[in-house]
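A.B. asks: I have a structure here, written as structure tokens, and I will follow up with some questions on it.
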Amino acid sequence: MRSDRGQSAPLGLKAAAACGLLFLHLPILLIFVYAFTTEEKSFVWPPPGLTTQWFAVTWNRPDVWQALSLSVRVAAISTAIALILGTLCSAAVSRTRFFGRETISLLVILPIALPGIITGIALRSAFSLADIPFSFWTIVLGHATFCVVVVYNNAVARFRRTSGSMIEASMDLGADGFQTFRHVVLPNIATALLAGGMLAFALSFDEVIVTTFTAGQQQTLPIWMLEELIRPRQRPVTNVVAMVVVLVTLLPILAAYYLTRDGDQIAGSGK
């Protein structure tokens, strides 16, 4: 049978793919262009001129650094919580059989399937009923609800592809549970956890809807950007920050992709 790999795609298909890519990425490219415009109060196309002054202006604005610091701290702690809970959940679901296992798996995944506004309203109602004041930790709890799902999905898939005979062999050779996890399980799931953690960090860093309901008067970077867009002054500053957010979000996603693209080659998977 002749392979189709060497055949070129039809011209129409190439044009359709190009149009799709432009539709997806042209708005992002416009953000990069407007970060260098000399016009500071409106979005004029084409830009009347290009300048790098807005990078210095952004660097010297303390409100940008405060919002950035809050977003990084929230994303880091939410990711740490997600790594712990997501790994434990995925290990329990994939390595053991018990009544209600599929129901628990569905409940773990449910927060990322629900609209963000539903999750935000539910969390806000729960915090109000429990008399919990809005703070840094309410944002972290809100973000952890969907970050756990990202880590869980990556880890449970890797657990299911890891051969159980390796764990049994380790225990037969005298290793205890911790030694087996450290020397056998963790090396096999490490890249999946790293990829899940990176994706969770990226999702938390640019989350808006849940943050709106759980932040109170605090401003993460995306919330700061939304409020800055309402103001007519120094709009290029918002575009500079948006460009940074795109890069910060893109790099973990690319790293996660390259770490997991060969995930089917797990030690002992064929035994």
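A.B. asks: Suppose we keep only residues that are touching a Lys or Arg at 6+ places or on another chain (Cβ under 6 Å) and either assigned to a helix (DSSP H, G or I) or of a type in the set (Asp, Glu) (or both) within the range 163-194. Which one would you say is modelled with the highest pLDDT?
C.D. replies: Filtering the range 163-194 down to residues touching a Lys or Arg at 6+ places or on another chain (Cβ under 6 Å) leaves 163, 165, 189, 192.
Narrowing the set further to residues that are either assigned to a helix (DSSP H, G or I) or of a type in the set (Asp, Glu) (or both) leaves 165, 189, 192.
Working: SER165: 65, ILE189: 74, ALA192: 79.
Ranking the qualifying residues of the range 163-194, first place goes to ALA192.
A.B. asks: Can you tell me which condition THR238 does not meet? The list is (1) surrounded by 20 or more Cβ atoms within 10 Å (Cβ to Cβ); (2) touching a residue at least 40 places away in the same chain (Cβ under 8 Å), and all the others hold.
C.D. replies: Condition (2) is where THR238 drops out.
A.B. asks: Moving to a separate point now. Hey, does the range 68-82 have a residue that's touching a residue at least 12 places away in the same chain (Cβ under 8 Å), farther than 22 Å from ILE223 by Cα and part of a helix (DSSP H, G or I)?
C.D. replies: yes
A.B. asks: Would you please list the contacts, defined by Cβ atoms under 7 Å and residues six or more apart or on different chains, that run from a residue in the range 246-265 that is loosely packed, with under 12 Cβ neighbours inside 10 Å to a residue that is modelled with pLDDT of 60 or more and not aromatic (Phe, Trp, Tyr)?
C.D. replies: ASP264/ARG161
A.B. asks: Let me ask something additional. Do we find a residue being modelled with pLDDT under 85, out of contact with any Gly (no Cβ under 6 Å at 6 or more places or on another chain) and over 28 Å from LEU70 (Cα atoms) anywhere in the range 132-153?
C.D. replies: Looking through the range 132-153, none of the residues is modelled with pLDDT under 85, out of contact with any Gly (no Cβ under 6 Å at 6 or more places or on another chain) and over 28 Å from LEU70 (Cα atoms).
A.B. asks: In the range 195-226, which residue that is outside any helix (DSSP H, G or I) and of a type in the set (Gly, Ala, Ser) is least open to solvent (accessible area, probe 1.4 Å)?
C.D. replies: Ranking the qualifying residues of the range 195-226, first place goes to ALA215.
The values are calculated or read from the model by the stated rules, or taken from the named source; none is laboratory data. None of the values given here were measured: they were computed from a predicted structure. Positions of Cβ are generated from backbone atoms using ideal geometry, with glycine treated the same way; all protein chains shown enter the neighbour counts. We work out accessible area using only protein heavy atoms, side chains counted, and drop any ligands, DNA or RNA first. Shrake-Rupley method; radii C 1.70, N 1.55, O 1.52, S 1.80 Å.
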